[in-house]
Amino acid sequence: MRQGAIFDMDGVLTDSEPLINAAAIAMFKEHGLTVQPEDFLPFVGTGEDRYIGGVAEKYQLPLDLPSAKRRTYEIYLELVPKKLRAFPGAQQIVNSCRDHGMRVAVASSADRIKVEANLTQIGLPIAIWDAVVTGEEVTAKKPAPDIFLMASRKMNLRPAECVVIEDAVNGVQAAKAAGMRCIAVAQTFPADRLSAADVVRATLAEVTVSDLQG
């Protein structure tokens, strides 16, 4: 039986993808470049360095990445109070895990400033989690398994005792590479792109503790 549930954040708990997408597009516009929302899709779930850097490379735009990321977060954090919402079922599934004696963790490729803002906004603040891992804490980003392995260590659990809830292709690959059960929610990518997961549900609201425990 799985004893720990590791939640990705963006696209799983929060509908933040449109906001970071809009913020990054606005940042590129300030640099005189018009980019498209779909330009970012290959880099979803890989962290903001790659999310922004990958699109800059596509258009061969020389970019000071730390500065560009800072500006993107400035725009993003202005949007959070007005527009960021939890996906239906987010608080319920986290609470259900706790009620069933499971430990809960967030493992997000985003930087801590974004993780804290998002989790506070959706009513699942950092203090309620048994472990939180952010993008700054791991060098190899998803689809590498490092972020999920660190989350399991922080919860004092073996990888086989953990289940990951993901929405992105890179995240599913990372979970399986970590040797963990994976539940995918088709909230960002279509279900057929997520078929490497053990279970695919259309939305987080459809995920049950039975799914997680396997």
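Some points to look at:
- Taking other residues whose beta carbon is less than 10 angstrom from the beta carbon of residue 17, and scoring Lys, Arg as +1 and Asp, Glu as -1, yields -3.
- For residue 11, the amide hydrogen comes within under 5 Å of the amide hydrogens of 16, 17, counting only partners 5 or more places away or on other chains and with H modelled in the peptide plane.
- Using C-alpha pairs under 8 Å with a sequence gap of at least 6, the mean separation divided by the residue count of the range 96-144 gives a relative contact order of 43 percent.
- Summing Cβ point charges (Lys, Arg +1; Asp, Glu -1) relative to the Cα centre of the range 99-213 gives a dipole of roughly 240 debye.
- Kirkwood radius and radius of gyration were both taken over the C-alpha atoms of the range 104-143, and their ratio Rg/Rh is 0.97.
- Solvent-accessible area, 1.4 Å probe, carbon plus sulfur percent, for the chain: 51 percent
- About the Cα centre, charge dipole magnitude for the range 164-214 (Lys/Arg +1, Asp/Glu -1 at Cβ), debye: 100 debye
- Probe 1.4 Å, accessible area per residue of the range 77-214, Å²: 42 Å²
- Eigenvalues of the alpha-carbon gyration tensor of the range 1-139, scaled by 5 and square-rooted, set the equivalent ellipsoid semi-axes at 30, 15, 12 angstrom, largest first.
- Near residue 110, once Lys and Arg are set to +1 and Asp and Glu to -1 for all other residues with Cβ below 9 Å from its Cβ, the sum equals -1.
- This model, with +1 at the C-beta of Lys and Arg and -1 at the C-beta of Asp and Glu, gives the chain a dipole about its Cα centre of some 300 debye.
The values are calculated or read from the model by the stated rules, or taken from the named source; none is laboratory data. What you are looking at is a predicted structure, and each value in this text was computed from that prediction instead of being measured. Cβ sites come from the backbone with ideal geometry, for glycine too, and all protein chains shown count toward neighbours. Ligands, DNA and RNA are excluded from the accessible area calculation, which covers all protein heavy atoms including side chains. Shrake-Rupley method; radii C 1.70, N 1.55, O 1.52, S 1.80 Å.
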